1. Looking only at Cα atoms, what is the convex hull volume of the range A:3-254 per residue, in Å³?
2. Give me the distance between the Cα centres of the range B:70-142 and the range A:155-170, rounded to whole Å.
3. Taking the Cα centre of each part, how many Å lie between the range A:217-255 and the range A:97-141?
4. Pop a pseudo-label 7 angstrom from the Cα along the beta-carbon direction at both residue A:187 and residue B:134 and give the gap in nm to one decimal.
5. Given bins 10 angstrom wide, list per bin the percent of all Cα-Cα distances in the protein assembly as shown, short to long.
6. What is the dipole size for the range B:97-245, taken about its Cα centre, with +1 at each Lys and Arg Cβ and -1 at each Asp and Glu Cβ, in debye to the nearest 20?
7. Strictly greater than 15 Å: what percent of every Cα pair in the range B:88-158 meets that?
8. What nm value, rounded to one decimal, do you get for the distance between residue A:179 and residue B:227 when each label is placed 7 Å out toward the C-beta?
Amino acid sequence: MSDRVMIFSQRNLKELMRDPLSYIFCIGFPVVMLIVMTAVNESIPPQAGMTVFQIQNLSGGIAVFGLSFVMLFTCMTVSKDRSGAFLRRLYASPLKGAEYVSGYTLPVMVIAAVQTVITAAASVVIGIFQDYTFDFVGLICGMLMLIPIAVMFIGLGLLFGTIFNEKAAPGLCSIIISLAAFLGGEWMDIEAMGGTIKKICDILPFYNGVKAMRFCVAGEFSEAVTPLLITAVYAAAVFVLAAVCFSKKMKSDIR
Amino acid sequence: MEYAIEIKNLSKSFSSKKAVDDISCKIEKGQLFSMLGVNGAGKTTTIRLITGLSKPTGGDVLVYGKSVNSQMEEIKPLLNLSPQENAAAGALTVWENLVFMARLYGFSKADAEKRARKLVEDFSMESELNTKAKTLSGGWQRRLSIAMALVTDPKILFLDEPTLGLDVLARRELWTVIRSLKGKVTIVLTTHYMEEAEALSDRIAVMTKGKIRAEGTLDELLSATGAPNLEEAFIKIAEEDKNNV
Ligand SMILES: Nc1ncnc2c1ncn2[C@@H]1O[C@H](COP(=O)(O)OP(=O)(O)O)[C@@H](O)[C@H]1O
Ligand SMILES: [Mg+2]
């Protein structure tokens, strides 16, 4: 990888890490949600058979939910840069199209990784209070299963940040965040709902991302393969699209 | 002789609007060349065309003999610019912005820091070293922006309206900084302030409506128009253009 990518990545990481919102949304929020939803779970009578908020299922749901916020941050970084004079000044530098894309992606990958580890660690701690012991290997595998969905969310962030302006882009991300939460089975039991909703969720990447982690946590590794592949296809498609759009947009900015 | 910049029948149209209209001129190495003109004259567009931030719709520019149309990647390392708007990374400090820029243009970490230290000294920025760019005052932001351009050791430095929006003291300080650069690097400066062009330039090109109407040293412009000062000369040159249309 070129030095230029690393140098631009470092700048972007600094820019992200100096924004207090990054900590609130990317790190604090998932932990708070884990605690809140665990509390909600406590007040659900066992007869209800509601399992989505049990920590072994909740961890996957919140991990994917958290990654959707990484999308928002990617998008905000890119759209903010595009509206400012700094990025346009860089267009006159030796930094090239693909290097911008890598330079934006690497730092948010780091944030996604840190966030996922914190979410997992918090889940383990909550598990202790809930009398649930996470299988270490299952949890690690589960986290790795999230790489494609993370790439997909980052790709979406890059795409929205490239196509839309600073005002419109975050709003669009919010819509995707809500959509991902509902269709990702983070707040409801998709399996129990069945029907059209389940079919839609099975096609879209969000629920597959959640399932891939949940299956691993449950030790059902072979079950995780199909959801993993589905998210990987989405990730590749979205990311390539985002990279192409960014390079196109950059060329059209230089008119 | 090879010129720093050779503009050859350069044009740029935005749909039907001719922002730059068939201009030609040569800029010698080491000179401070000013483009003087009112808002909308085409100064920024000309700079964007030379620095690769825009593509000509006609003509060419040779930078150290290399064409902006076909050899922009080779030209890029030779140039840097301080754009009309303040353009530093807001969350980075003055020091970090300088090192970032130098490294992006290929300097090693040690060399980048060495160059940044030199610029901090030359621009007397010691007091603001650890201030984040977005919290700097207008004068300091402009100074940083120019330092960020110089830290990459360009052969040609473009300053687009460097003192726009600055108070009179900040402007004078920046003039001193710019004067200190004369001879060390070729400078292309745009301005709509007569006194700025008068105070700093080796040569001045008067631009109106996308065209260069006159070009020469201050004395040459004055004697050609018979005007007592640049402002009068500018007005005469601009009026002449009106009479011709
Ligand atoms: N991207 C653009 N699209 C359309 N018109 C433009 C664009 N950039 C500049 N222009 C027009 O070109 C003319 C010259 O602009 P500019 O080069 O910015 O002038 P100056 O820097 O001398 O004030 C102006 O009339 C401006 O409106
Ligand atoms: Mg301008």
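1. Details: hull volume 31.1 nm³, N = 252.
Cα convex hull per residue, to the nearest whole number: 124 Å³.
2. 28
3. What the calculation gives is 18 Å, centre to centre.
4. 3.0
5. Histogram of Cα-Cα distances, whole percents per bin: 4, 17, 23, 19, 14, 11, 7, 4, 1, 0.
6. Numbers: 22 positive and 23 negative charges, 163 e Å.
So the magnitude is around 780 debye.
7. Values: 1100 of 2485 pairs.
In whole percent, the long-distance tail amounts to 44.
8. In this crude spin-label approximation the distance works out to 5.9 nm.
Throughout, read-outs are computed from the coordinates displayed, never taken from laboratory work. Because the structure is predicted, anything quoted here is derived from the model rather than measured. Note that we place each Cβ from the backbone using ideal geometry, even for glycine, and neighbour counts take in every protein chain shown.
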